[in-house]
Every structure is written in C-alpha cells, then in structure tokens.
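Have a look at the structure below, then the notes.
Computed from the coordinates by the stated procedures, all read-outs in this text should not be read as laboratory data. Just so we're clear, the structure is a prediction, and the values are computed from it rather than from any experiment. So basically every Cβ, Gly included, is an ideal-geometry build from the backbone, and we count neighbours across all protein chains shown.
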Amino acid sequence: MADIMRYAGQAVFYVCAAALTGYLSFRPLYQQTHPGLAQIKLSFSHGAQRVEDCRRLTTKEIAALPPSERRPNTCSRERHPVYVEFSIDGELLYSKSLEPAGLSKDGPSRTYQKFLVEAGVHAVTARLRDSGREAGFDYEMEQQLTLAPGQSLAVDFRSEAGGFILK
Amino acid sequence: MDAIRGLLRFPLDRLERLLGTVFPAHWNPLFNLGALGFFFYWVITVSGIYIYIFFDTGIHEAYQSIEYMTNEQWYLAGVMRSLHRYASDALIICLLLHMAREFSLGRYRGARWFSWVTGIAAMMLIYMAGISGYWLVWDKLAQYVAIVSTEWLDWLPIFGEPVARNFLAPGSLDNRFFTLMIFLHIAVPLFALAVLWMHLQRVVKPVINPPRGLAAGSFLSMLALSLVLPAVSQGPADLARVPGNVGLDWIYLPLFPLLERLPGSVTWSAAMAVFLILITIPVLPPMKRSAAAVVDLGNCNGCTRCDLDCPYEAIAMVERKDDSPFSMMPQVSASLCVGCGICAGSCPTSMPFRRRADLSPGIDLPDFTMAMLRDEVEAVAKRISGPGRLIVFSCQHGVRASDVKHGSCAAVSLRCIGQLPPSFIDYVLSRDLADGVLLAGCKENDCYNRFGLRWTEDRLAGQRDPHLRARVDRRRLKTVWCGAGGNAWLDAELAAFSQEMASLESLPGKAHAQAPRVKEDAAHG
C-alpha cells in the first residue's frame, strides 16, 4: 500500500478512536428516574433505649469494684431493636425491626431506604418505637407533602430533635 | 475455555489484520496495548498534576474551581481537564483490550500467571481511581456516581454508618469528604503504579513505551478530541434533587445502572464470581504444561546463549562445580520454564549434522528433543516429491502444521519458531531434503513467546548467535509471519515459493543443495 494511503488509514483510525472515546464518554444519556417521579429517602441511625435502665450501685457493689473503676451507676449495654413503619398515602411501604449494631447489641440501629413516587401531594406517615414496648409507637410523624418532579426528600430521625425530621 | 478464547480471538484477529494494513507491524496499536496503557497513565498523571493546582476541595468550591478551569482557562486547564478525562477512558479501553487479547492468545497461564493476576489487581485499582475522580467534579454525574457507589458499598456490613448517608440531603456532606477523596484519587493510582511495577517483574525486556509515532498519534488524537469536544460538567450537584438525566461515561461506568437497579446480593455475588474466575483462570483446566528444558552438562560449555535468549528468565547462569574446564552452567527454573524451546534453538550444539547418537545439545526439551526434530524433518522429507519441494517449519501458535496442505510441502511443528536452530535450514538444503525452507510463525512483532520471532530473524541475518551459515542460499529460504489465522496468506506464499523453487532447479543454487555432506564442527555458530 502506498505510504500516503497508509498515513490516511492511520489518520482514519485515530479519528475513529477519538470519536468513539468522545461519544461513549458522555452519550447515550442515561435517565436515572422517570422525569415525573420524585424520591423519598428514609434513613436514620438511632440508638434505641437500653434494655435495662441504669441503676445506682450499692455501697457493697462499689466497694467490690477495682478502685479505678468505681462509679455510682451501672447501665446495661444492650439496646432494644428499633421498629419502624413508613407509609405513603396509607400504603405501608416499609416496616422492619432493626437490630442494634455491635456484638453486644449496644450500637445504633440503622436503615437506608429509597422510594420513588409520582410528583404531587402525598400523605407520608412514619412511626418508630425504640423502647421495647409491644404495641404503639414512641415517635410518629404524619405530614402532607408536595413533591416536585425530580425532588429528593430525606426523612431522617433524631430523638434529640423530637423525632422524624424532613430534609 | 478454548471456545471462549476462539470467540474473542476472531474479532481481535480481524482488527489486528485490518490495522496491520495501515500501521507498520511495530506500530500496530493492538500489539502495543500495554505500552499504550502506560503512555495514557503518564498523560493522566501530568494533566492531573496541572489541574490539581487549581482544584479546591470545598463542597461548592470543588465545582466552581473546575468550572473556572473549563471556562476561564479553557486553553490550558480546560484542555488538561479534557485530556485527563479522555486519557483515562483510553487507558481503560487499552486495559480491557489488553486483557481480552492476552486471554484469547492463552497468555495467562504457566509462567505468565503472575502478570495476569497482578494485571487484574492493577485494573481494579485503576477503575477505583477513575471512579473516585468522577466524585471530585461534584456535578450531577458526580452525585449519581457517589450515591450509587456508596449505596453499593453499604450492602457490605463493613461500615458502621451507611456511607450513602453522606449524600442524604443538602448539608449532609462535609468539606473534609473532598479532602479524603482527593487523597484517594492520588493514592490509589500510585498504588496501582506499584502493582504495575510488579506486573512487569516477570516480563523480560518489557515494552513500557509505545513507538514514538504511535504515541504521538495517540496523544494528538486525544488532544484534538479535547479541543473539539471539551469535557464539561453537568450542572452542580444538588442533593435535594434526583440527578435525572446524566451523561454517563459508558467506558468507565457501564455497570452503574445495574448496580443501581439490581439487589446488592446479586451484584456483589456476580462481582465476586467474576473476580474469582479472573484470578483463578490461570490454574483452571485444561492445563497444558510442557516439560521444562533440561541441561546436559556433558555438552554444555556455559556459553550463556540460552540464558540470553530465554524470554521468561527461566535460566540462570550459576557457578559450575564439577571438574569441567568451564566455569559457568545454566540452571533451569522448572516453575518459570514454559518449554518453548528457544534455549535449545540458541544452543550451538543443536547441530543436526552430528551423528545420531551425538545429537544431544547442552540444553534441550525432554519431550521434544533436537533428535526428535531431526527425525521428524527426515520423515516428512520422504513424503514430498516433484519440483518445488518445501519443508515448512511452523510455530504451534501460528498456522498449525496439519493445516499446511500444499501438494509439494510438508510441515514440521515447533513449540516456537525460535526453537529452530538455523543449522536445521542448512541441514535440509544441503542434504537435499527439500528445495526450499519456509518458516511460518506468529504475526510480526507479536510472537507468542515474545522473542522467538525476533531472535530467529536476528539469527538468519547473522546478528545473533547461532548464525545461519553464509553458504546457505537465501533464495531458498522464506519467512512468513502470518499468525494463527493466516492460512490463506500462507497458502498463497507456499504456492508462489514452491513455484519459485521449481524454477531454480536448473540454476546454480541447486548445486548447493546437491553439495556433498560436510562434516560440521559441533561448536559451529
């Protein structure tokens, strides 16, 4: 093959390689969610109440401890599981008893869930119990939310802030 | 496994041949994928150092600093950003093709297992480095990549707090996050470089720089792409919104939609399965391991040629402790030797002119000795007749000997074309076993055993020991580096060469073929 043709062939190769790289680097566009949908994330990291309340140690118990470890109170490490329910427009989408983290079950219970909903007005209900009770809830939130298309709303939980919070 | 390799080999072979029509053999991009990968790595490094000067690690400042580079200083920082992006894509393309090609050619077993395994590790690190780079831009694509990858990682019970909670809502993210990411984005490629260094430890004379012309062409094409289609951000990240439409980099991130849509149990199981298959593939059946070369000290003078020619560093010269007058001797490492026979081909005592009992070179393959090779040559020579008789020495990684069907030809299969001592060519012609000798091997610049073809060419040209003797009529010798799929090419060359040899019958060259037997010195080089 004549040199000129070879060089032309090489140029064609470089152009094709660059074009392919450039195209695949951005296209085709990927649509993560339908444009008419919104997203609600339910996520929290919350340590439930302890299985046993803290109590004062007796004088005898304090005396039995090594001097460097003597303290007035003792608390059990284990926590209750956190039970959570999450509903949108009356439909229960998520309910789970979340075990506390850690070998001694003394860590927080955690969850991270995503729900896609049509944009518009929705009644969102989130309930949570962390006291080990069999029925009822310790925290509850019911709210009418107006979600715009493409909006991402987070439902978090912080007991010190009074319960569920919207972000 | 062979079927999978065949499926990969077919398109790659076609592409190699197509590129071979426009590139010189040593410029063929598919023969330089590893070196091109290194080249793009350096382009990424230099461009990355430049854009790091302007990069700010604050949550809002990260995006703004990149916008400054792209829009205000587009002529340098913007071009560097684009080069950084496109060279990263090109690196991944090179690595994937490199891996697919080496697999399709069976270059992942035996002595090559170490390079294969470290190559897989390096590829994973380079992927991680690239993906961490997307986060730093902190645009919509970064938001998508960050959320999907952290949600995927969170499926593993190894993080105390779900990492994806960092992207829960506006205000969740901390400035320190980008500091951590930039650290990872620098540290992981450096670690990858260390693994790449290990990747080359068992490769003799590794090629880590592509030919200058190929490097220049590759760089210019990336530069042109950076100017014509600059890499741009896709709008600032907003955790209060779903990223929606994103211009995904399908070279780096083709699996992200799957990670996002399939359960973590499925994606993690698939990832682990693929990883285990890739890591264990060098030891999976069918194993075809040839016996390692064996040294015969009685015929070895410690000339070091086998050591110099071994492509796998399987031979080391060590001190000789017997009462021989020679001080050094070769020692073969059975775990590194693949039985290619290049050492036997380099041994000056691999001399077919010796008496039958004497044909025991200083180093030889126990399961395919030089004596066996001579017997086979003599046997096939009896099967050919008529004008234009040819004996073909073919590499088993090129066109198979059984596929050589031309009427007046017979083929002898070698482990590698470098296994053939040049004296065998002299032997065939001077004993009138054939009118011509044709060597058929792997494609030029793409020898399965890396140096077999190169050493053979050097030996024939008298540039490397053992030389082909000057008395051999070069018109009666032809080389065809056609590779495994080059049957049609080889057939055409055979037909033409046979006809050419037939026409030489009455010429003086024939006198050479009829020359009386010459007693050869065993040490002849």
Completion exercise
Computed Rg/Rh for segment B:122-237 (Cα atoms; Rh = Kirkwood radius) stands at 1.07
Handout entry: Debye-sum result for chain B in log10 I(q)/I(0), which assumes one identical scatterer on each alpha carbon, at q = 0.07, 0.09, 0.11 Å⁻¹
Key = -0.52, -0.76, -0.97
Completion exercise
Taking chain B and counting helices only, DSSP H stretches of n ≥ 4 at -39,500 (n - 2.57) each over all residues, the nearest-500 ellipticity at 222 nm comes to -15000 deg cm²/dmol
Exercise for the section: Determine the gain in length on full extension of the stretch B:Ile279-B:Trp489; use 0.36 nm per residue of separation and subtract their C-alpha separation, reporting nm with one decimal. Expected result: 71.9 nm
Completion exercise
Nearest-0.05 FRET efficiency for A:Ala63 and A:Ser97 at R0 = 41 Å, using Cβ-Cβ distance, is 0.50
Practice task
Starting from the amide H of B:Thr479, placed 1.01 Å from N in the peptide plane, find each other amide H under 5 Å away whose residue is 5 or more places distant or on another chain.
Solution key: B:Leu439
Handout entry: Sequence-distant residues sharing a close amide H with B:Ile363 (under 5 Å, placed H)
Key = B:Asp296
Exercise for the section: Give me the distance between the Cα centres of segment B:373-390 and segment B:153-192, rounded to whole Å. Expected result: 69 Å
Practice task
Please give the helix A:3-24 orientation as an angle from the longest Cα principal axis of chain A, in degrees from 0 to 90, rounded to the nearest 10.
Solution key: 30 degrees
Practice task
Would you please give the residues with an amide H less than 5 Å from that of B:Val412, counting only those at least 5 places away or on a separate chain, with H modeled from the backbone geometry?
Solution key: B:Val392, B:Phe393, B:Ser394
Problem - Reciprocal of mean inverse Cα separation for segment B:294-513 (Kirkwood radius, Å) - result: 17.6 Å
Practice task
State, to one decimal in nm, how far the label point of B:Lys205 lies from the label point of B:Ala291, with both points 7 Å from Cα in the Cβ direction.
Solution key: 2.9 nm
Handout entry: Calculated log₁₀ intensity ratio I(q)/I(0) where the Debye formula runs over C-alpha points of the protein assembly as shown, q = 0.07, 0.08 Å⁻¹
Key = -0.66, -0.79
Handout entry: Mean Cα-pair separation over length for segment B:151-252, i.e. relative contact order, pairs under 8 Å, 6 or more apart, %
Key = 27 percent
Completion exercise
Over all Cα pairs of segment B:387-494, the Kirkwood radius sets Rh, and Rg/Rh then becomes 0.93
Exercise for the section: Check each of the chymotrypsin sites (Phe, Trp or Tyr not before Pro) in segment B:308-359 and keep only those in coil by DSSP with at most 13 other C-beta atoms within 10 angstrom; list them in order. Expected result: B:Phe326
Handout entry: Packing-based exposure ordering (other Cβ within 10 Å, fewest first) of B:Glu493, A:Glu118
Key = A:Glu118, B:Glu493
Practice task
May I ask you to evaluate 6.51 cos²θ - 1.76 cosθ + 1.60, the Karplus curve with θ = phi - 60°, for each residue of segment B:299-310 and list the ³J(HN,Hα) values in order in whole Hz, giving x for glycine and proline?
Solution key: 10, 10, 10, x, 6, 6, 5, 5, 5, 5, 8, 4
Fill in the blank from the handout: Going through B:Lys288/B:Lys478; B:Lys205/B:Lys443; A:Lys41/B:Lys140; A:Lys41/A:Lys96; B:Lys205/B:Lys321 one by one, the pairs whose alpha carbons sit over 22 Å apart turn out to be B:Lys288/B:Lys478; B:Lys205/B:Lys321
Completion exercise
Proxy exposure order for B:Lys205, A:Lys41, B:Lys443, A:Lys105 (fewest C-beta within 10 Å first) is B:Lys205, A:Lys105, A:Lys41, B:Lys443
Handout entry: Per-residue ³J(HN,Hα) for segment B:203-210, Karplus 6.51 cos²θ - 1.76 cosθ + 1.60, θ = phi - 60°, Hz, x for Gly and Pro
Key = 9, 7, 6, x, 9, 10, 10, x
Completion exercise
Rounded to the nearest 500, the 222 nm mean residue ellipticity computed for chain A from DSSP H runs (n ≥ 4, each -39500 (n - 2.57)) alone is -5500 deg cm²/dmol
Fill in the blank from the handout: For chain A, any Cys whose C-beta has no other cysteine C-beta under 4.7 angstrom counts as unpaired, and these are A:Cys16
Fill in the blank from the handout: Quick note, chain A: a/c under 1.5 would make it rounded; otherwise a/b > b/c is prolate and the rest oblate (a ≥ b ≥ c, C-alpha gyration tensor); here it is oblate
Exercise for the section: Quick one: check the C-alpha center-to-center distance for segment B:66-126 versus segment B:478-505, whole angstrom. Expected result: 40 Å
Practice task
Convert 4 °C to kelvin, take the viscosity as 1.567 mPa s, use the Kirkwood radius over C-alpha pairs of segment B:277-424 as Rh, and evaluate the Stokes-Einstein diffusion coefficient in µm²/s, rounded to a whole number.
Solution key: 78 µm²/s
Fill in the blank from the handout: In this structure, the FRET efficiency calculated for B:Met198 and A:Ser104 from their beta-carbon separation, with R0 = 51 Å, to the nearest 0.05, is 0.75
Exercise for the section: Considering Cα pairs under 8 angstrom that are at least six residues apart, work out the relative contact order of chain A and quote it in whole percent. Expected result: 26 percent
Completion exercise
When A:Asp106, B:Asp364, A:Asp3, B:Asp296 are arranged by how many other beta-carbons sit within 10 Å of their Cβ, fewest first, they go A:Asp3, B:Asp296, A:Asp106, B:Asp364
Problem - Contact order normalised by residue count of chain B, Cα under 8 Å, 6+ apart, percent - result: 13 percent
Practice task
Work out which helices of chain B, taken as complete DSSP H runs, extend at least 27 Å along their axis over the Cα atoms and score a mean Kyte-Doolittle of 1.6 or more, then list them.
Solution key: B:33-54
Practice task
Can you pull the one-decimal nm distance between simple spin-label points at B:Leu156 and B:Val228, each 7 Å off the Cα toward Cβ?
Solution key: 4.0 nm
